[in-house]
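Working notes for the structure below.
The values are calculated or read from the model by the stated rules, or taken from the named source; none is laboratory data. Keep in mind the model is a prediction, meaning the values are calculated, not measured. Here the Cβ positions follow ideal geometry from the backbone for every residue, glycine too, while neighbour counts run over all protein chains shown. What goes into the accessible areas is simple: the full protein's heavy atoms, side chains included, and nothing from ligands, DNA or RNA. Shrake-Rupley method; radii C 1.70, N 1.55, O 1.52, S 1.80 Å.
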Amino acid sequence: MSGKGKFGFEPLEPASVKPRKREVGPMGAAVREAAGSLAESTETLVEQRRQNASDAKAFRTAQGEGRVLEIIRVDDIRTDDLPRDRIDLAATAGSDEMEELKASIRARGQKEPIEVFRTNAGFQLKKGWRRLTALKQLWQETGDTRFAVVTARVSSGPADRIDLYIDMVEENVIREDLSFAEMAQVAITAAADAGMEGQEADVLVGRIFASLHKMKRSYIRSFVFLLQELGDVLPYPKAISRNLGVEVARRIQASPEVSVSLRNALASVRSAEEQTEVLSRPPAALAGRGTLGRGADQKKAVKYEFHVGEAKVTARKGECRILSGTDFSSIDRKRLQSAIEAFHKVLDEK
């Protein structure tokens, strides 16, 4: 059989067959390059969109949690939704401390943001009343546009209204910038808030001031009772010391008629010192017309007690007893003797 094929060609030997080399032409190279670029750009675009979506979600979360800072005009922030934790706002606004804060902001700008929450009517202040007030005063006094805006942390507002009260007092409580009377007034005001659903003030003390020690909460409850009994005749509630306020509340609770005597006596006070003098009187000295000064009524008193700092003083005929945490036996005898001699010298002065 012949090795030739149908058409008379002999089969080629594999070694003699050379594969054809196909080169990519200019058009093919351009198409490939365009396809690669398109695929690469599509992947980049998809990744960018994923990142944008993630960033937007993170921003919305931060915004809802009040972690986003915004620049807001001071005139756009209202302060009428939540009562402030200061009893005398006018005095605070005109105090030396306010002038010092204004001087700091004037020199260095606002360093700490205030906190506001959104409502249907706009922005309401949560924390930072003094900083906002300082900026408003500077804006009115100077006309400098730097003070026309405030840096604020904005939230949508908590679901539970009591959280607003907690947030408001938290900063001032931590730095011990509120008097016991002011803390008690916060609880009393919160109890009158329709959003609290009729919770009593002494109960709200445990919620609003939950971070404080239980003994301090006990003191606040004493001041709640005191303000509820005498608040309308106490012209200087912030001047009442912790021990005096607790002692007066205890006396009224033990003998309700003391409240009537105190109300009569407090009607004539004209200063914080006079108020303290009236509240410090023993019950027996309050009987009568309630005029200022220690007269015959006090001389008739069999016994009375008061506090000086942490020390409790009990006075009766022939005895003056001091109970405190001080270890008097550790004090040098001559020093203690000098103190007693000075004590008697003051008592003997006319």
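Quick one: if you stick a label point 7 Å off each Cα along the C-beta vector at residue 80 and residue 145, how many nm between them?
It works out to 2.9 nm between the two label points.
Step through the residues of the range 124-133 one at a time and calculate ³J(HN,Hα) from phi using the Karplus curve (6.51 cos²θ - 1.76 cosθ + 1.60, θ = phi - 60°), rounding each to whole Hz and writing x for Gly and Pro.
For the range 124-133, the Karplus curve yields 10, 6, 9, 9, x, 4, 5, 5, 5, 5 Hz.
Please compare each pair in 57/127; 214/238; 126/214; 216/334; 214/312 to a cut-off of 32 Å on the Cα-Cα distance and tell me which ones are over it.
216/334
Could you work out how far apart the two model spin labels at residue 120 and residue 232 are, taking each label as a point 7 Å from the Cα in the direction of the beta carbon, and quote it in nm?
So the label points at residue 120 and residue 232 sit 3.4 nm apart.
Among 90-98, 325-333, what's the highest-first ranking by average C-beta atoms within 10 angstrom per residue?
90-98, 325-333
Placing +1 at every Lys and Arg Cβ and -1 at every Asp and Glu Cβ, with all other atoms neutral, what dipole size does the range 103-200 have around its Cα centre, in debye to the nearest 20?
Dipole size: approximately 700 debye.
Can you compute the modelled spin-label distance between residue 160 and residue 27, with each label point 7 Å from Cα toward Cβ, in nm?
Placing both labels 7 Å beyond Cα along the Cβ direction yields 7.5 nm.
Relative to the compact globular guide of 2.2 N^0.38 Å, what is the alpha carbon radius of gyration of the range 107-234, as a ratio?
1.21
Please compute the per residue accessible area over the range 133-249 with all protein chains in place, 1.4 Å probe, rounded to a whole number of Å².
Value returned for the range 133-249: 45 Å² of accessible area per residue.
So what's the Cα pair-distance distribution over the range 233-276, bin width 10 Å, in %?
29, 57, 15
If packing is taken as the average number of other Cβ atoms within 10 Å across a peptide's residues, how do 182-190, 236-244 rank, most packed first?
182-190, 236-244
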